[in-house]
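S.K.: Take this structure, written in structure tokens, and hold onto it; I'll ask about it next.
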Amino acid sequence: MKWALAKDYEILQAEDRVSAIEAFRSAHPAVVLLDLGLPPNPGNPEEGLATLSDLLALDRAAKIIIITGQGEKEIALRAIGAGAYDFLNKPVEMEEVKFLLKRCFHVAQLEKEFREMQQLLQGDGFEGMLGNSPAVRTIFDSIRKVATTDAPVLILGESGTGKEMAARAIHQRSSRKGGPFVAINCSAIPETLLESELFGHEKGAFTGAHAQRKGRIESATGGTLFLDEIGEIPLPLQVKLLRFLQEQCIERVGGRQEIQIDARVVAATNADLKKGMAGGTFREDLFYRLSVVQIVLPPLRERENDIRLLAQFFLQRFAAQNNKSGLTFDPAALRALNQHNWPGNIRELENCVKRAVIMAEGKRLTAQDLELAAATQNANVTTLKDARENVEREMVQQALRKHSGKITAAAVELGVSRPTLYELMEKLGIVRE
Ligand SMILES: Nc1ncnc2c1ncn2[C@@H]1O[C@H](COP(=O)(O)OP(=O)(O)OP(=O)(O)O)[C@@H](O)[C@H]1O
Ligand SMILES: [Mg+2]
């Protein structure tokens, strides 16, 4: 067996129960081939069956294949009942072993991916934010750190990247958690109303001000004030806001009294504030006050593995809501999800999956259900050469990703030499991460 399998598998050998357990503990193989006739009593299956249960006690998910003598059907069944994955009859046929091993490793791999996915969906989310890519892990760390302070935070990122979610996470993680989280979208409120909305007004401050009213800033006392689309705030109000940030106090419109406010400020925008500053529409002093800490959310297209993770998460959620549980993506759909550029980021992905779940008829979501097929086909494929290069690019990128950028391993996987792989990467403009 060793000679026949060494080319495809890494093999550990053990001659009795004790050394089998030792080897299993140290290397943790996904698959075990186990003969039931073991020393000191090779004529009897009991030592083998005991080894089986010892190994399963170490890992329920281990795939253990039992090897039994001819005519020992009953024993084989006992082993299966005890948790063995399958059995082989002696004399062992190498073709059969190879076939079985291949299937075992495949199932073990699927189970492993499934467990990882489950863990991510359950335990590892961060205040409801999912993500496993390095960039996002760094962001979770930053949120953890800034949450313990009262420093203003400026959250930047394209539309739909999760800016509001990050702001809520900061609030949830802070000591102000028990206080209010007050969000105000500066671009959604007409300029003329924004001032009184933010700062409140006194009775009679302007026509229509029949009663005194507290503004949003005031109502955030003890909690967090989230100023969304801060880039849209008009210049005169920027001055007033700056004053609030510097002195922690405000005056209501039409009022004379200074009101002390204890609120933590988090602001967000997808606009380019640097441009605003250069063009004179955004005050530099306000920018520096707001951005004591900056958190920049990466676009979804740069969070490659997260696309799949988030898509699976939204699929489970919407499938459950629509009584369509058991829905899965077919492989082409997953590829299309990965290829899409996601200009609308997570919000776009969420809506895309939601719509597809509603439209889906079978048990599998296709690229057509996601309405992404067109996008992939349009990718400027005009000639055979373009098409070939697209496929090459996708495969090379996948292989590199799978092997964490290791050239040798990726080359082996693709069946080309290392120099050829380097040439391909250069031709296709692929840079190793
Ligand atoms: N990390 C994440 N995990 C799960 N869902 C997320 C994540 N980030 C964002 N979402 C979801 O994506 C959608 C958009 O997020 P959010 O509203 O926070 O983005 P935004 O950056 O404020 O968008 P916009 O710029 O359009 O206001 C929401 O439905 C949110 O629940
Ligand atoms: Mg938002």
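Readers should treat all values here as calculations from the given coordinates under stated rules, not as data from a laboratory. The model shown is predicted, which means the values in this text are computed figures rather than measured ones. Note that each Cβ is placed from the backbone with ideal geometry, even for glycine, and that neighbours are counted across all protein chains shown.
S.K.: Students often get this wrong: which residues of segment 67-95 have the backbone nitrogen under 16 Å from the point 7 angstrom along Cα-to-C-beta of Ala4?
M.R.: 67-70, 87-95, by backbone N distance to the label point.
S.K.: List the relative contact order of segment 18-124 as a percent without decimals, with contacts defined as Cα pairs under 8 Å and 6+ residues apart.
M.R.: 23
S.K.: When the Kirkwood hydrodynamic radius is evaluated over all pairs of different C-alpha atoms of segment 226-273, what value in angstrom, to one decimal, is obtained?
M.R.: 11.9
S.K.: Can I ask one more? Mind checking Rg over Rh on segment 77-162, alpha carbons, Kirkwood formula for Rh?
M.R.: Here Rg/Rh amounts to 1.32.
S.K.: In terms of the Cα gyration tensor, with a ≥ b ≥ c the square roots of its eigenvalues, is segment 134-204 rounded because a/c is under 1.5, prolate because a/b exceeds b/c, or oblate?
M.R.: oblate
S.K.: Further question: Provide, for q = 0.16, 0.19, 0.21 Å⁻¹, the log10 of I(q)/I(0) from a solvent-free Debye sum over equal Cα point scatterers in segment 290-424.
M.R.: Debye intensities relative to I(0), on a log10 scale: -0.92, -1.10, -1.20.
S.K.: Separate question: In the neighborhood of Ala76, defined by Cβ-to-Cβ distances under 15 Å, what is the net charge if each Lys or Arg adds +1 and each Asp or Glu adds -1?
M.R.: -3
S.K.: Sticking with this structure for a sec: In what sequence, highest mean first, do 77-83, 194-200 appear when ranked by Cβ atoms within 10 angstrom?
M.R.: Result, highest mean Cβ count within 10 Å first: 194-200, 77-83.
S.K.: Given the Cα atoms of segment 195-340, and with Rh set as the inverse mean 1/r over their pairs in the Kirkwood sense, what is Rg to Rh to two decimals?
M.R.: 1.17
S.K.: Based on the alpha-carbon gyration tensor of segment 1-57, what equivalent-ellipsoid semi-axes (square roots of 5 times the eigenvalues) come out, in whole Å, largest first?
M.R.: 20, 14, 9
S.K.: Report, to two decimal places, the Cα Rg of the chain normalised by 2.2 N^0.38 Å (N = number of residues).
M.R.: 1.37
S.K.: Please list the three semi-axes, largest first and in whole Å, of the ellipsoid equivalent to segment 169-263, using sqrt of 5 times the eigenvalues of its alpha carbon gyration tensor.
M.R.: 22, 16, 13
S.K.: While we're looking at this one, here's another question. Would you mind telling me the antiparallel percentage of the DSSP bridges in the chain, rounded to 5?
M.R.: If we restrict to bridges inside the chain, about 15 percent are antiparallel.
S.K.: Cα centroid distance between segment 289-313 and segment 61-122, in Å?
M.R.: Centre-to-centre (Cα) distance: 40 Å.
S.K.: Let me ask something additional. Counting Lys +1, Arg +1, Asp -1, Glu -1, what net charge surrounds Thr51 among other residues with beta carbon under 9 Å of its beta carbon?
M.R.: Computed value for this residue: -2.
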